[in-house]
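Chemist: Please find one structure pasted underneath; my questions will follow.
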Amino acid sequence: MPRTAPEVHADLVLEPRDVTFDWSGLPLHWIPDEPLATHTINVLHLLLPEGERWFIKVFKDALPLITDEQLREEVLGFIGQESIHAEAHQEVLDHLLAQGLDPRPYVRQIAWLFQRVLGEKPKLGPRQRRENIIERVAFVAAIEHFTAFLGNWALNSPGLDRAEADPTMLDLLRWHGAEEVEHRSVAFDLMTHLDPGYLRRVRGMAVSGPLLVHLWVRGVRFLLAADPTLDGRIVPTWRKALDISRRGLLPEPMASLRSGLRYLRRGYHPTQEGSSAQALSYLASSPAARAAAR
Ligand SMILES: [Fe+2]
Ligand SMILES: [Fe+2]
C-alpha cells in the first residue's frame, strides 16, 4: 500500500533520548501565582502516562500488520520515545502526591478508560481484530495531531519564560513537545498504510477530539479541587482560560479548535504542521536531552 508523502521524511530516524529530571525543587504552582494555568498544563501529567502506554500497546498490536520496512522502523522509534515520555510524566505525578495533591483518583479513571474501554477487545476473529487495531490506530493518529500541536506551542511559548515558569518543567514540556513534533507523522502514516480511507481519519478525530476536551476540562476541575493550597477557591471558566491564553500561558482555545479542523482537510499531512528543524534544534540545546546524550 502506498505511503503518504514518503519524500518528506524518508530518512526519519527516531531516537529515544533517555532523559531524567530532578523534581525536588519544583513548586506546586510552577508558573508563579498562576494556579489555573499551572493545573491546566498539569492535566498532561494526568493523561499522558496511561495514554502513552496505551499508544505503545496499540502500536505493538499493529506491528504484524505493517508491510513497509521504513514505517516499521519509525513505529519502533515512536514506541521507544513514548515509553520514556510516559515515565517522565509519571515522575511528576509522584512529585504532586508527595506535595499533598493526590492525583490517583483521576488517574484510576483514565486507566479504566484506556485499558478497558479503548483496550483490546477479547474473543475477536482475525478480521475483526485487524479492524479493531486499525480503528485504535486512527484514535492515536488524531490524538498525535494534538500532541504535535501542543508540542509546537510549547516550543513557541515565550509567555511561559516571561512568567518565570520553572525551568525544569519548561525543559520537560519542550523536550517532550520537540519529540512530538519530530515523530508527528508516524501515527498518521501508520493509519493510512493500514487504511487509506478518509472516513477512518474522520472517525478517529470525531472520537478523540471531543474526548480530549472532555478529559481536559474534568482534569482541570479535579486538580483545582485536589490542590491543598486552594481550598476549592478557583473555579475554572472558558473566559479565564481565554484571558490566560492571551497572556501566552496556554494555547488559545480557538487555535486548538482550528487545528482539529485542519486534520480533516483532504490534503492534510502532519508534516504541514510545526517544524522538524526547530524541534531538533531545541533537542540539541535541551538540558535533559544533552545530559542523556552524554
Ligand atoms: Fe509523547
Ligand atoms: Fe507522540
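Chemist: All but one of (1) within 16 Å of ligand 2 (Cβ to nearest atom); (2) modelled with pLDDT of 95 or more hold for Phe114; which doesn't?
Modeler: It fails just one condition, (2).
Chemist: Scan the range 152-210 residue by residue and report those that are outside any helix (DSSP H, G or I) and more than 17 Å from Ala37 (Cα to Cα).
Modeler: Within the range 152-210, His183, Arg184, Ser185, Asp195, Pro196, Gly197 meet the criteria.
Chemist: Follow-up. Can you tell me which residue in the range 145-174 is nearest to ligand 1 (Cβ to nearest atom), limited to those that are charged (D, E, K, R) and within 18 Å of Leu280 (Cβ to Cβ)?
Modeler: Arg174
Chemist: Determine whether Arg203 is surrounded by fewer than 16 Cβ atoms within 10 Å (Cβ to Cβ) and within 22 Å of Pro103 (Cα to Cα).
Modeler: So Arg203 does not fit the description; no.
Chemist: When the range 216-236 is examined, which residues are found to be over 16 Å from Leu250 (Cβ atoms) and in contact (Cβ under 8 Å) with a residue 40 or more places away in the chain?
Modeler: Hits for the range 216-236 are Arg218, Phe222, Ala226, Asp227, Pro228, Thr229, Leu230.
Chemist: Here is a follow-up. Please pick out the residue among Pro105, Pro122 that is more than 16 Å from ligand 2 (Cβ to nearest atom) and either part of a helix (DSSP H, G or I) or of a type in the set (D, E, K, R) (or both).
Modeler: Among Pro105, Pro122, only Pro105 is more than 16 Å from ligand 2 (Cβ to nearest atom) and either part of a helix (DSSP H, G or I) or of a type in the set (D, E, K, R) (or both).
Chemist: Look at the range 241-267 and say how many of its residues are part of a loop (DSSP other than H, G, I, E, B) and either among the basic types (Lys, Arg) or without any contact (Cβ under 8 Å) to a residue 24 or more places away in the chain (or both).
Modeler: 5
Chemist: Kindly provide the set of residues from the range 90-147 that are surrounded by 13 or more Cβ atoms within 10 Å (Cβ to Cβ), more than 29 Å from Leu28 (Cα to Cα) and β-branched (Val, Ile, Thr), ordered by number.
Modeler: Ile133, Ile134, Val137, Val140
The values are calculated or read from the model by the stated rules, or taken from the named source; none is laboratory data. Values in this document were obtained by computation on a predicted structure and should not be read as measured data. Quick reminder, even Gly has a Cβ in these numbers, built from the backbone with ideal geometry, and neighbours come from all protein chains shown.
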